Amino acid sequence: MTAVRSADDTARLRRVFEMERDRGCDNKTVVGGLDRMLIQMAEDGLITPASALGRQFKALQPGGYRSLGEAERQGWIEGAIAVLGARSAQPPTGAPARRPQPARRRPAPQRTDDDDASAPAVGGVLRLDSPVSKLPGVGKAAAERFAKLGVETAADAVFLFPRRFNDFTDVRKINELRPGSHPQTVVGTVFSVGEVRFGRRARGSQAVITDGSGMLKAMWWNMPYVARGLPEGARVVLSGKVRDYRGRLQMENPEYEVFDEETMRAGKMVPVYPATNGLGQRTIRRAVKAAVDQLAAQVNDPIPEAARKSRNLPPVNAAIGAYHYPTDYAEAERARQRIALGEFAAVQAAVLMRRAEWQEGNVAPPFSLAEEREGFLRSLPFGLTGAQARCLDEIDRDLAGPHPMLRLLQGDVGSGKTVVAFAAMLAAVRAGYQAALMAPTEILAEQHYRSLARLLGGDEVSPLAGMFAPPWAKQPLRAVLLTGSLTAGQKAQVRGDAAHGGADIVIGTHALLEDGMEMPRLGLAVVDEQHRFGVLQRAKLRQKGMNPHLLVMTATPIPRTLALTVYGDLEVSTIDEMPPGRLPIRTRWYQPGERDAAYTFLRKQLDAGEQVYVICPLVEESETLDARSAEEEYERLRHGPLHGYSVELLHGRMSGKMKDDIMGRFGRNEVQVLVSTSVIEVGIDVPNATVIVIEGAERFGLSQLHQFRGRVGRSSKQSYCLLFSTEEDPGPEARERLEAMCETTDGFALAEVDLQMRGEGETWGRLQSGTNTMLRVARLTDRDILLQGREIAREVLARDPKLQKPENHPLAAAAKPFLERATEAN
């Protein structure tokens with residue numbers, strides 16, 4: 001029997017196979033070939049795995065019918081006609097007949113779930129510090145695998161929270177699925193699964209799932225390994241978002257798990273935990289349940305009792321149990337939020353204690369920005385924006401106070417942060433102190449030095465002889481540059497000038513932190529692009545002066561939740577206004593077939609006297625990533641679409657002198673097109689560069705794409721950002737990033753989009769170190785919960801600054817790992 005729905009369908013299909021046989025099996029009987037027809041039938045439910053035709057279909061080798069030789073095709077066709085119930089005609093002379101082939105199924109995977117039957121149940125009294133091997137079903141091998149998840153004790157198992165749930169309260173049939181943004185769950189059988197390619201090198205996995213009501217295609221972008229771990233014929237649970245793709249439903253990047261009758265009871269919310277190779281969900285669920293049932297009541301709540309009572313908060317112990325075994329998603333979310341509140345209270349206690357430690361007992365040199373407002377700022381060829389003026393006021397109040405300033409100055413690319421920082425540095429110099437500016441790269445440090453020289457009225461001057469005497473200054477001042485590429489003699493001269501009073505302003509890279517670098521009168525330290533520096537570097541810079549004020553600058557827009565967490569010990573000033581006259585940068589995503597139009601546009605802009613950046617993600621050709629290298633693109637452009645224009649190459653492997661020379665010529669408009677790697681992500685300022693092309697744009701993160709875009713739009717001219725993707729469809733996440741770039745130029749809005757997309761991914765990784773982390777359930781989107789946690793931490797610390805009272809010991813214990821991690825940061 002077959003699954004073809006009617007005798008007419010069977011007859012028509014048999015005629016197709018007979019025509020294919022009579023044509024000599026040339027695979028041209030139907031448009032697109034037999035493979036396309038068979039796959040379409042499978043997706044429509046006309047062929048099922050259990051049917052004779054389904055088994056014949058599965059007998060095809062991975063390349064399908066088209067990969068067979070002529071004789072093999074004839075044998076397969078004869079077999080297909082036979083299972084459809086027809087008397088086979090004799091094959092042409094010389095062609096061997098072939099019996100129908102049985103379905104080739106992959107063997108079900110052997111059980112690697114280290115569910116040791118011999119492993120003891122709980123041995124003796126279980127305590128929070130008991131080794132994980134004391135939990136039921138956990139033998140030596142499983143304990144080693146649990147350790148990879150950061151679970152070494154029974155307490156760790158209690159805090160191994162589900163990453164999602166299989167919702168068996170709402171399992172749907174495939175024919176009941178509808179496109180939408182919420183995950184949907186189905187249980188079905190894997191009809192077919194295999195690795196697929198998208199374009200030249202991008203790979204993924206594709207499976208067809210059936211449950212008797214229909215067939216569903218599941219796609220895993222950039223995850224070819226799924227095909228190796230999902231056995232054909234297995235019953236599986238899939239949960240994910242469903243979209244309409246070319247008129248058919250498709251589930252993209254779904255979570256999946258082999259169905260387990262014992263564990264997957266109908267009508268329950270079943271937890272799905274983080275796992276590792278050889279440690280399956282059954283073992284994890286059994287061990288975690290034992291730990292939670294016996295130990296959740298012993299967990300100390302980091303939120304003190306007084307704070308809990310005043311806010312009517314439920315006990316954290318009940319929340320732990322509810323999050324592992326909720327009755328529905330609403331209960332799971334309530335439990336998660338309660339646990340997250342304790343995590344945020346601990347984090348905020350840590351950052352507030354760190355701020356108090358920075359300022360406690362330290363008297364900073366006071367000074368004012370009053371004279372800089374009348375002198376330096378009035379001398380500028382442009383006026384300050386309202387946002388710049390507001391931030392200056394906030395900085396001025398800090399500088400006049402008795403404690404060292406700890407402030408984060410954030411603003412979108414091109415918003416004017418550097419001018420604000422320069423004003424504060426000049427105020428320190430006028431008051432008799434030194435100022436230092438530390439940048440993460442030599443290019444950025446050199447850019448800052450040139451910008452300061454230009455604003456002080458100097459021409460191109462030597463970094464060692466930077467003496468300036470602007471008319472508004474009461475006395476000359478000297479600025480020097482210290483980078484790793486200076487000779488030993490040059491470094492010695494800069495160090496000597498800084499140590500003995502010959503340098504008022506020192507601009508440099510990490511070289512400023514070297515032990516031989518002394519700045520005894522350091523009154524203000526400015527750190528640019530803070531996300532590249534750790535707390536240790538910050539503290540080391542502080543030790544070089546007399547309790548200097550600290551101003552941290554970043555052009556990477558930071559969501560409020562992240563700012564209060566990662567930079568919670570810093571007050572935040574935000575420049576959220578661009579200089580007047582700047583036009584929004586126009587951004588467009590170009591797919592591979594649209595490049596000719598893009599190059600025509602580039603030539604038009606170049607002919608108008610403007611300049612272009614072309615950014616590529618790699619320095620050398622890579623066989624593993626389909627991204628055009630800067631070297632390859634440089635050669636291709638100057639001999640191809642941009643032949644006749646002046647094209648130069650810049651990348652991080654060049655010497656400092658060579659990079660300076662190329663950037664200098666580009667700045668003087670002697671070079672029209674600069675092909676570069678991500679070395680120009682921050683700090684390059686060429687107002688005449690109005691177009692930036694980003695090759696392989698789908699391979700960059702949203703934040704980095706926005707930083708690249710900020711290299712243009714630095715004058716009153718209209719600027720453009722061209723995003724080139726290497727694939728027609730780069731996948732749903734990359735597609736969302738590129739579309740967001742085209743929709744807005746607001747860096748803070750993009751930061752929020754990035755946050756929503758990445759969730760607990762890379763962004764949260766700034767707070768996490770491996771799997772075993774104090775931040776287990778809190779999310780960056782939990783703004784209200786974080787603010788409540790900060791309020792609780794402030795209340796407790798106001799009464800007990802060192803958290804020494806017994807009722808506050810659980811909060812102190814929860815905050816300790818974060819304080820230790822901050823000390824270890826680098």
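The values are calculated or read from the model by the stated rules, or taken from the named source; none is laboratory data. Source: prediction; values computed, not measured. So basically every Cβ, Gly included, is an ideal-geometry build from the backbone, and we count neighbours across all protein chains shown. When the accessible area is computed, the model is the full protein with side chains, heavy atoms only, and any ligands, DNA or RNA have been set aside. Shrake-Rupley method; radii C 1.70, N 1.55, O 1.52, S 1.80 Å.
Tabulated data
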read-out: Computed lengthening from Arg636 to Ala749, 0.36 nm per intervening residue step minus Cα-Cα distance; value: 37.1 nm
read-out: Listed residues Gln337, Gly229, Ile303: farthest to the positive end of the dipole of region 218-353 (Cβ charges); value: Gln337
read-out: Solvent accessible area, Å² - Tyr645, 1.4 Å probe, full protein context; value: 50 Å²
read-out: Principal semi-axes in Å for region 358-425 [√(5λ), Cα gyration tensor, largest first]; value: 23, 15, 8
read-out: Spin-label model distance (nm) - Lys173 vs Lys241, 7 Å beyond Cα toward Cβ; value: 2.7 nm
read-out: Potential extension, Lys604-Thr487 segment - 0.36 nm per residue separation minus Cα distance; value: 37.8 nm
read-out: Largest to smallest accessible area among Cys742, Cys391 [probe 1.4 Å]; value: Cys742, Cys391
read-out: Net charge over other residues, Cβ less than 11 angstrom from the Cβ of Tyr245 (K, R count +1; D, E count -1); value: +1
read-out: Segments 293-302, 720-729 sorted - mean Cβ within 10 Å per residue, highest first; value: 720-729, 293-302
read-out: Ordering of 246-259, 502-515 by burial proxy (mean other Cβ atoms within 10 Å per residue, highest first); value: 502-515, 246-259
read-out: All Cα pairs of region 289-401, percent lying beyond 19 Å; value: 67 percent
read-out: Stretchable slack from Asp784 to Lys289, in nm (0.36 nm times residue separation minus alpha-carbon distance); value: 175.1 nm
read-out: Tail beyond 25 Å, pair distance distribution of region 374-495 (Cα, percent); value: 27 percent
read-out: Protection proxy ranking of 422-428, 179-185, 149-155 - average other beta-carbon atoms within 10 Å, highest first; value: 422-428, 149-155, 179-185
